[in-house]
Amino acid sequence: MRVVKTDTVAVLPAVLTRSIVRKFRGREMVAEAVADLLEGTGYEYEAVLAELEAAGYMEKVRVDTQGDVWWDSTIQGNALAMASFGKPISRKTADRLVAGSVERAHTYNGDPGKPLFIGTLRVFGSYLSPGIDPLGDVDLELTYGRKITDRQALSDYTKATGRSFNTYMDQLMWPQTELVRHLKKRSASINITLEDITRITDTFDTIYSIDADPGAVPPPADRSLIGR
């Protein structure tokens, strides 16, 4: 999904709307969680979330015992959270980016030292429409699972990187973060989602599957995928 910075999304500037849905993506929170983003804008956070709900970007998920409403971003909201404000790319560049991601998937799954394995990569969106050139970006769905489940082993793997992390959650999520970074290779034109894209489209193409990769380290017998 590509949005222009000058666009208006649900009565707000597109940049601000994207920041809001990004804050909720993957976690449920109360409306007050975006008060800092709206400070000085003249917008009230409860009214803004009501607008985003009406536009299909946010949804109420529950009301707690204190009467507070908890919100989460929708599939449409998550698509906006991934939106790029960068320059369009040519189809030739998009083809190169897709091929590079597939090559890096082979490399990752061929490394016995990696804690995760890639199940599949599926491309969707404008890339699958040959008549579109230039394109906004390349949209990929990633499914993955764990090869290493022992917490201490995962901690040792993360510590071996020598990295420092802002939060404990950042440390726990490093294997997933590393995998996504590996596939993107710093390209701002590749968007990777862990969501099930069949919930939003029936048009996609599987560009990599571990089952079709003879060079991949075999995944565990129980390879329940933990990420989409």
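Could you list log10 I(q)/I(0) for the range 64-187 at q = 0.11, 0.15 Å⁻¹, which the Debye formula gives when each Cα is one point scatterer? For the range 64-187, the Cα-only Debye profile gives -0.53, -0.88. In a Gaussian network model over the chain where Cα atoms closer than 10 Å are linked, find which of Gln171, Gln76, Gln152 has the largest mean-square fluctuation. Maximum fluctuation in the GNM of the chain, among the listed residues, is at Gln152.
Backbone amide hydrogens, once placed in the peptide plane, bring Gly119 within less than 5 Å of Thr143, Tyr144, Gly145, excluding anything fewer than 5 places away on its chain. With protein chains left intact and a 1.4 Å probe, residues in the chain average 55 Å² of accessible area per residue. Legend: calculated FRET efficiency, Thr93 to Arg199, from the Cβ-Cβ distance at R0 = 45 Å, rounded to 0.05, equals 0.95.
In the chain, the longest principal axis of the Cα atoms and the axis of helix 14-24 are about 70 degrees apart.
For the range 151-228, place one equal point scatterer on every Cα, skip the solvent, and apply the Debye formula. What is log10 of I(q)/I(0) at q = 0.16, 0.25, 0.26 Å⁻¹? The Cα Debye sum returns log10 ratios of -0.89, -1.38, -1.38. Per residue of the chain, the DSSP helices (runs of n ≥ 4 H) give a summed -39500 (n - 2.57) that works out to -9500 deg cm²/dmol at 222 nm.
The long axis of helix 174-184 is offset from the longest Cα principal axis of the chain by roughly 80 degrees. Comparing Gly40, Val11, Ala99 along the charge dipole axis of the range 1-107, the residue lying farthest to the positive side is Ala99, per the Cβ-charge model. Separation of the range 24-39 and the range 48-120 by C-alpha centroid, Å? Here the answer is 18 Å between Cα centres. Considering only alpha-carbon pairs that sit under 8 angstrom and 6 or more positions apart, the relative contact order computed for the range 16-129 is 23 percent. Rounded to the nearest 20, the Cβ-based charge dipole of the range 121-228 about its Cα centre (Lys and Arg +1, Asp and Glu -1) stands at 500 debye. Taking the Cα centre of the chain as reference, the dipole from Cβ charges on Lys and Arg (+1) and Asp and Glu (-1) amounts to some 980 debye.
The values are calculated or read from the model by the stated rules, or taken from the named source; none is laboratory data. Just so it is clear, the model here is predicted, and its values are computed rather than measured. Here Cβ is always computed from backbone atoms with ideal geometry, including for glycine, and neighbour counts include all displayed protein chains. Heads up: the accessible areas ignore ligands, DNA and RNA and are worked out on the full protein's heavy atoms, side chains in. Shrake-Rupley method; radii C 1.70, N 1.55, O 1.52, S 1.80 Å.
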